[in-house]
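Asker: Just dropping this structure here.
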Amino acid sequence: MRIFAGRLSAEAQRLASLTSRVMNLSRLQSADELAEVGDVSVDSVVTAAIEAHALAAGSSGVTVVRGGTRGLYVRGDTQILTEALGNLVANAIAYSPSGSSVGIGVKQVHNSVEIAVTDRGIGISEADQQRVFERFFRSDQARSRRTGGTGLGLSIVKHAVQRHGGEVRVWSRVGRGSTFTIQLPIAMPPDDLEAVTPRGRRRPKKTKKTPAATSAAAPNPNGVTE
């Protein structure tokens, strides 16, 4: 009875996940424009995607490593981009052996931001690489059933990225692993945020001082007014 209840619960969760993903994909395909567009911090999107799948990574014995350029921005919907990147992270974890690592790298290439998710898993054959972004396509049926895969994750990634004026591409070799790269148009950092130095340290915003405030400020021992 306990085994049956466990299976029933797992199937219910899988069905709920499938329903949610179908609705999300339909929304992306049918909407003329993104509902909420703003300045999106790539750092925040990467952090949210990693945190959302930290438990799965820990359970699988997979380490998620983050690197690359910080302080980059794009225009779009934070929630949609986080889900898209999260789908890539989830796939990388699911197809990676225990003890391996998944890397997330960010860099600026001309007027674009590239976010690459790399694993050292089983890889994808050249024939399947042509179809991985199709809805309901799963290159490894057995593994997808074990992990509860719906075959919609990469299709959602593709449509989400296209909605933001970008593209997603894949590189893979069987037995060596895969790299999925999201490319999005870069945006200038918001004016009302703190500037970021080249080394990633935040520089306080400049504030205008009134004449009274300037005259009241006392010089420090080095002769520089605070």
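The values are calculated or read from the model by the stated rules, or taken from the named source; none is laboratory data. Note that this is a predicted model, so its numbers are computed, not measured. We place every Cβ from the backbone using ideal geometry, glycine too, and count neighbours over all the protein chains shown. Side chains are part of the model used for accessible areas, which takes the heavy atoms of the whole protein and leaves out ligands, DNA and RNA. Shrake-Rupley method; radii C 1.70, N 1.55, O 1.52, S 1.80 Å.
Asker: When you scan segment 187-207, do you find a residue that is open to solvent by 90 Å² or more (accessible area, probe 1.4 Å), at pLDDT 90 or above and of a type outside the set (D, E, K, R), even just one?
Answerer: Yes: segment 187-207 contains one or more residues that are open to solvent by 90 Å² or more (accessible area, probe 1.4 Å), at pLDDT 90 or above and of a type outside the set (D, E, K, R).
Asker: Please go through segment 131-141 and give me each residue that is under 19 Å from residue 175 (Cβ atoms) and either among the aromatic types (Phe, Trp, Tyr) or modelled with pLDDT of 70 or more (or both), ordered by number.
Answerer: 132
Asker: Restricting the first residue to segment 160-175 and requiring it to be closer than 14 Å to residue 122 by Cα, which pairs with a second residue that is open to solvent by 60 Å² or more (accessible area, probe 1.4 Å) meet a Cβ separation below 8 Å and a spacing of at least six or different chains?
Answerer: Final answer for the pair search is 174/122; 175/122.
Asker: So residue 116 clears everything in (1) in a helix (DSSP H, G or I); (2) buried (at least 18 other Cβ atoms within 10 Å of the Cβ); (3) of a type outside the set (Val, Ile, Thr) except one condition, right? Which one?
Answerer: Answer for residue 116: the failing condition is (1).
Asker: When you go through 76, 86 one by one, which is the residue that is out of contact with any Phe, Trp or Tyr (no Cβ under 6 Å at 6 or more places or on another chain) and touching a residue at least 40 places away in the same chain (Cβ under 8 Å)?
Answerer: Only one candidate passes the filter, namely 76.
Asker: For residue 96, only one of the following conditions fails: (1) modelled with pLDDT of 95 or more; (2) closer than 18 Å to residue 170 by Cα; (3) not hydrophobic (A, V, I, L, M, F, W, C). What is its number?
Answerer: (1)
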